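Please read the structure below before turning to the comments.
The values are calculated or read from the model by the stated rules, or taken from the named source; none is laboratory data. Computed from a predicted structure; not experimentally measured. We place every Cβ from the backbone using ideal geometry, glycine too, and count neighbours over all the protein chains shown.
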Amino acid sequence: MTDLPLLQIRALDAYYGDFQALFGVSLDVRAGEVLAVIGANGAGKSTLLKSIAGLMRRPRGTILFDHAPIGDLPADQVVARGIALVPEGRRLFSSLSVEENLLVGGQLGRPGPWTLAQVYELFPAIAERRHAPSTALSGGEQQMVAIGRALMSNPRLLLCDELSLGLAPIIVRGIYARLPRIVAEGTALVIVEQDLVQAMNSAQRVVCLQEGHIALEGAAGELTRERIMAAYLGA
Amino acid sequence: MEWLNSIVYGVLLGGLYAMFAAGLSLIFGVMRLVNIAHGDLIVLAAYLALVMTEAAGIHPLASLVIVVPLMAAIGYLLQRVLLNRTLGDDLLPPLLVTFGISVIIQNGLQELFTADSRKLQAGAIEVASVRIVEGLSIGILPMIQFAAAVAVIAFLQWVFYRTAIGRAFRATSDDPVVAQLMGINHRHVFALAMALSLAVVAVAGVLLAVRTNFDPSIGPARLVFGFEAVIIGGLGSMWGTLAGGIVLGVAQAIGAQIDPGWQLLAGHLAFLLILALRPEGLFPKVQA
């Protein structure tokens, strides 16, 4: 049983109204692995994460998490199963303090390694600002809170949407340097990333989306830059 | 001394207005829903208390033990079954639906109870008063009402800023989609907010009905007082709402002191004056 994938997606279609954003996407995420999803703007990367997290209305296809179908569950029940999403643009609760943001993340009370103390240990920078309004933080600190908030639900699968968005490269490297700690606690990661180098360095496997289709899939070490660029650009 | 009497009367009346306002403000704050039926729900609570007192022979204030949970349950169901379906990017559908509820409550009460004025009889406590100094006495009942208002506001403040459900209210208000990602069922949270709002409505309705005559048609005017107190105090601030209620109550009392016909007009003028000079209200929510 243990070598079955944690997440199995088969023939997933997703729509925004009449517009189809994903076409028959199939992929697996194994427990404890890091999968990077790359692709150009509008390739369907965020839509894929939203479909897993339960934010898309009635995606077609099969999504199995821990062998149970979750494709029809609303977002609040998906997170209860153990999938957390760090949304694009961080989207902290603006009227809540840093600590309150984290506490809302942990309000389901799922057992696991992540507690306030553990999150503060992972990101000492936000421990100092715990009582500050979340809007008073820098972009990098806000990203740390957004990751911490998602971790507070003790997910088995963490979905990260564009962690590098709008952040200075040195800040991005600092944040990515913390991800192995999260994986070490037993959480699998799916990272959607525009920054190719960052994605290739962090992940074991890479999936490249192109206009809603999987254009390329492989181990991070085996994919050449040329093949990725070809998949990116649809050449 | 007559003036001092009216001002004290106005302050105590303001507590009641603050209670009308607190429930409105809470609902608007959590889910951007303007509840046009708010005033009629206050009147509905008054009639529920009337039925309790007449059928079971209990004291109006004791009827709160039943009316408050009953109104909270009505609020939860109303939100879960009906109002949640109207919420979206457009503010108009919930406005229209609550307007419809307002009409239904008014006409339903008129069918059941006729258009006659009624009052809850609270007995000796209604006329009891404490003499502060020569010429200035304060009624026990108005004092109870004001204390209840302060307690309600303090309770709401505590719920919002010190409890997990209050955090969920604020998080859902900030971003309902991300709140779902935290495992918050926003439909349930909205229904809890409406339940809390109607629990406050129940307290306000019973205290209103002990204080003054009521009939099925007086709801919309209570809604206006509530709105005015919210705007005067500043949206999103619970203690501001209490201040707004007091400003409105004092303005009405001063108006009535000048000429009994000016009571309502003076309240509306105070509201317009503050809207013109400080459109964000006296105590607007601090924006970071």
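All of (1) within 20 Å of residue A:165 (Cα to Cα); (2) within 14 Å of chain B (Cβ to nearest Cβ); (3) surrounded by 18 or more Cβ atoms within 10 Å (Cβ to Cβ) hold for residue A:88 with one exception: (3). Counting the residues of segment B:204-253 that are polar (S, T, N, Q) and surrounded by fewer than 21 Cβ atoms within 10 Å (Cβ to Cβ) gives 3.
Screening segment A:100-122 for residues that are outside any helix (DSSP H, G or I) and away from chain B (no Cβ under 12 Å) and picking the one that is nearest to residue B:170 (Cα to Cα) gives A:115. One residue alone among B:101, B:165 is surrounded by 13 or more Cβ atoms within 10 Å (Cβ to Cβ) and within 24 Å of residue B:16 (Cα to Cα), and that residue is B:101. Taking the criterion of being within 14 Å of chain B (Cβ to nearest Cβ) and under 17 Å from residue B:171 (Cα atoms), the residues of segment A:123-135 that qualify are A:131, A:132, A:133, A:134, A:135.
Scanning segment B:210-252 for residues that are within 25 Å of residue B:106 (Cβ to Cβ), more than 14 Å from the chain's Cα centre (by Cα) and assigned to a helix (DSSP H, G or I) gives B:210, B:211, B:252.
Evaluate the following for residue B:261: is it over 23 Å from residue B:205 (Cβ atoms) and in a helix (DSSP H, G or I)? Yes: the conditions hold for residue B:261.
Within segment A:129-146, is even one residue touching a helix residue (DSSP H, G or I) at 6+ places or on another chain (Cβ under 9 Å), assigned to a loop (DSSP other than H, G, I, E, B) and surrounded by 21 or more Cβ atoms within 10 Å (Cβ to Cβ)? Among the residues of segment A:129-146, not one is touching a helix residue (DSSP H, G or I) at 6+ places or on another chain (Cβ under 9 Å), assigned to a loop (DSSP other than H, G, I, E, B) and surrounded by 21 or more Cβ atoms within 10 Å (Cβ to Cβ), which makes the answer no.
Of all residues in segment B:16-62, those that are farther than 30 Å from residue B:284 by Cα, small (Gly, Ala, Ser) and surrounded by fewer than 24 Cβ atoms within 10 Å (Cβ to Cβ) total 4.
Identification of strands (runs of 3 or more DSSP E) wholly contained in segment A:1-99 with 2 or more residues that are touching a residue at least 12 places away in the same chain (Cβ under 8 Å) and closer than 30 Å to residue B:29 by Cβ yields A:83-86. Here residue A:75 fulfils each of the conditions (1) away from chain B (no Cβ under 14 Å); (2) crowded, with 24+ Cβ neighbours inside 10 Å apart from (1). Residues in segment A:39-72 that are within 12 Å of the chain's Cα centre (by Cα) and either within 11 Å of chain B (Cβ to nearest Cβ) or within 18 Å of residue A:216 (Cα to Cα) (or both): A:45, A:46, A:47, A:48, A:49, A:50, A:53. Within segment B:44-100, being within 21 Å of residue B:122 (Cα to Cα), more than 17 Å from the chain's Cα centre (by Cα), part of a helix (DSSP H, G or I) and among the hydroxyl-bearing types (Ser, Thr, Tyr) holds for one residue alone: B:53. For beta carbons closer than 6 Å, sequence separation of 6+ or different chains, a first residue in segment A:206-228 that is without any contact (Cβ under 8 Å) to a residue 60 or more places away in the chain and a second that is in a strand (DSSP E or B) and of a type outside the set (Phe, Trp, Tyr), the qualifying pairs are A:216/A:208; A:219/A:205; A:223/A:206.
Only a single item in (1) more than 13 Å from residue B:156 (Cα to Cα); (2) surrounded by 24 or more Cβ atoms within 10 Å (Cβ to Cβ); (3) in contact (Cβ under 8 Å) with a residue 60 or more places away in the chain is not met by residue B:191, and it is number (2). Look at (1) assigned to a helix (DSSP H, G or I); (2) out of contact with any Pro (no Cβ under 6 Å at 6 or more places or on another chain) and you find that residue B:109 fails only one, number (2).
Taken as a whole, the structure leaves residue A:95 outside the set of residues that are in contact with a Pro (Cβ under 6 Å, 6 or more places away or on another chain) and either surrounded by 16 or more Cβ atoms within 10 Å (Cβ to Cβ) or at the interface with chain B (Cβ under 8 Å from one of its Cβ atoms) (or both).
Of all the residues in segment A:61-96, those that are among the hydroxyl-bearing types (Ser, Thr, Tyr) and farther than 30 Å from residue A:195 by Cβ number 2.
Residue A:190 - would you say it is out of contact with any strand residue (DSSP E or B) (no Cβ under 8 Å at 6 or more places or on another chain) and crowded, with 24+ Cβ neighbours inside 10 Å? So residue A:190 does not fit the description; no.
Residues that are at pLDDT 95 or above, within 14 Å of chain B (Cβ to nearest Cβ) and in a helix (DSSP H, G or I) do occur in segment A:150-171, at least one of them.
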